[in-house]
1. Return yes or no: is residue 250 open to solvent by 40 Å² or more (accessible area, probe 1.4 Å) and under 30 Å from residue 150 (Cβ atoms)?
2. Is there any pair with a first residue in segment 207-229 that is at pLDDT below 95 and charged (D, E, K, R) and a second that is in a strand (DSSP E or B) and open to solvent by less than 50 Å² (accessible area, probe 1.4 Å) whose Cβ atoms are under 8 Å apart and which are 6 or more apart or on different chains, and what are they?
3. Suppose we keep only residues that are among the basic types (Lys, Arg) and more than 17 Å from residue 17 (Cα to Cα) within segment 76-105. Which one would you say is most open to solvent (accessible area, probe 1.4 Å)?
4. Quick one: count up the residues across segment 215-227 that are under 23 Å from residue 158 (Cβ atoms) and out of contact with any Phe, Trp or Tyr (no Cβ under 9 Å at 6 or more places or on another chain).
5. Can you tell me which residue is least open to solvent (accessible area, probe 1.4 Å) among those in segment 253-281 that are hydroxyl-bearing (Ser, Thr, Tyr) and in a loop (DSSP other than H, G, I, E, B)?
6. How do the strands (runs of 3 or more DSSP E) wholly within segment 109-201 filter down when requiring 3 or more residues that are over 15 Å from the mean Cα position of the chain (by Cα): which remain?
7. Give the number of residues within segment 62-75 that are open to solvent by 50 Å² or more (accessible area, probe 1.4 Å) and out of contact with any Pro (no Cβ under 9 Å at 6 or more places or on another chain).
8. Answer yes if at least one residue in segment 183-203 is touching a strand residue (DSSP E or B) at 6+ places or on another chain (Cβ under 9 Å), touching a residue at least 40 places away in the same chain (Cβ under 8 Å) and open to solvent by 40 Å² or more (accessible area, probe 1.4 Å), and no otherwise.
Amino acid sequence: LFEEVPIAYQSLDIEGRYLDANKGLCTLLGYSPDELLGKPFDDFWSPDLRQFFQDEFSSLMKSGGETKHLRLRRKDGKEIAVILNGRVQRDPRGNFLRTHCILTDITDQKLIEENLRRSKIFIDSVLENLPSMIFVKDAKDLRFLRFNKAGEELLGYRRDELLGRNDYDIFPKEEADFFITKDREVLRSGCLLDIPEEPIQTRGNGLRFLHTKKIPICGTDGTPQYLLGISEDITNRKQAEEALQQNDARLNAAQRIAHIGSWDLDLVENVLTWSDENYRI
């Protein structure tokens, strides 16, 4: 049983030398039993962490049983991450006999965790530096779970003032009703919703107009878990368009008064456009 169980087992004496090592441990470290027995356990630790693990072994000896995260070096030079569950065995008088240790290889798990950590840092950096407002709500209560820097600057609120709250806590009721209605529509349909223009009352920036896209984020069972929103501030563009329309209206009025017509020729598209007064004349 000791040899065939699919776990790595070792037993150490009071000085940390190998007394026993099963097949699982030999497979884990890449050594034969003859190469391990009688050797100090810290021979297989990373050189830069040897003193640290000597201290950890001393701690295990004093406590009688602990779980440790260690980094070991295999015979081929590869470093592996393990969890060591150790227990000290003593005789009836309390004298040390040996330690019993089970080692679990978590190298792949650590690699996955590190990749996830790096992915999270990358995604966080992208979202944080986008010029558009990004927000995430939970699908149940539609409370804000995430806001980026652009969202804080646009709305005039700090992130800690927004997270955990819903639209009714922040915006006038009429606006909040509109936002929540659109959110529920997205969650029911399960599809992206494009809102070309929505007014929003901000703190410090006054009334702004947003072009917003909302999409549900579903779990493995297909049920919406979150709502993702991306909002672009189109206030300046809207004001420029309105100013242009007003200028066109004033120009048309001036042409009617002066009985003057005008026309444009688009040299690229070869399209001729006449003013209203030109048609009348």
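1. no
2. Taking only residues 6 or more apart or on different chains, the pairs are 208/200.
3. Kept after step one, since they are among the basic types (Lys, Arg), are these residues of segment 76-105: 78, 87, 90, 93, 98.
From what's left, more than 17 Å from residue 17 (Cα to Cα): 78, 93.
On the way: 78: 110, 93: 211 Å².
For segment 76-105, the residue satisfying everything is 93.
4. Step one: list which residues in segment 215-227 are under 23 Å from residue 158 (Cβ atoms), which gives 226-227.
From the residues that got through so far, the ones that are out of contact with any Phe, Trp or Tyr (no Cβ under 9 Å at 6 or more places or on another chain) too are 226.
Matching residues across segment 215-227 total 1.
5. 275
6. 193-201
7. Residues meeting the conditions: 7.
8. Looking for residues that are touching a strand residue (DSSP E or B) at 6+ places or on another chain (Cβ under 9 Å), touching a residue at least 40 places away in the same chain (Cβ under 8 Å) and open to solvent by 40 Å² or more (accessible area, probe 1.4 Å), one finds at least one in segment 183-203, hence yes.
The values are calculated or read from the model by the stated rules, or taken from the named source; none is laboratory data. Note that the structure is predicted; figures quoted are calculated from it, not measured. Here Cβ is always computed from backbone atoms with ideal geometry, including for glycine, and neighbour counts include all displayed protein chains. Protein only, heavy atoms only, side chains kept; ligands, DNA and RNA dropped before computing areas. Shrake-Rupley method; radii C 1.70, N 1.55, O 1.52, S 1.80 Å.
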